[in-house]
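Note sheet for the following structure.
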Amino acid sequence: MPPGNARTKLPVKVIERATAEACLAIAQKVQHARELAGDEAGSEAARQVARVIAEEVLRVG
């Protein structure tokens, strides 16, 4: 680590767009299923996962 650098950067992992899209679809289905089951916390968690995939991985929005 170079002097004066307080933090190290983690390596960036590259995934295929198709993999990210599949993960997004799964997260959205989980969110919907949790919503139908009345699990508000699970639904919100899955919604947040889907949002992060869309915004950060797929750069949508």
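What percent do you get for the relative contact order of region 17-57 when only Cα pairs under 8 Å and 6+ apart count? Result for region 17-57 is 45 percent. Put in line by how crowded their Cβ is, counting other Cβ atoms within 10 Å and starting with the fewest, 36, 24 read 36, 24. Annotation for residue 22 and residue 41: the two label points, set 7 Å from Cα along the Cα-Cβ direction, are 3.1 nm apart. A simple spin-label model places pseudo-atoms 7 Å from Cα toward Cβ; at residue 58 and residue 13 they are separated by 1.9 nm.
Read-outs throughout are calculated quantities, based only on the coordinates presented, and are distinct from any laboratory measurement. All values reported here derive from a predicted model rather than from experimental measurement. Reconstructed Cβ throughout: ideal geometry from the backbone, glycine too, with neighbour counts over all protein chains shown.
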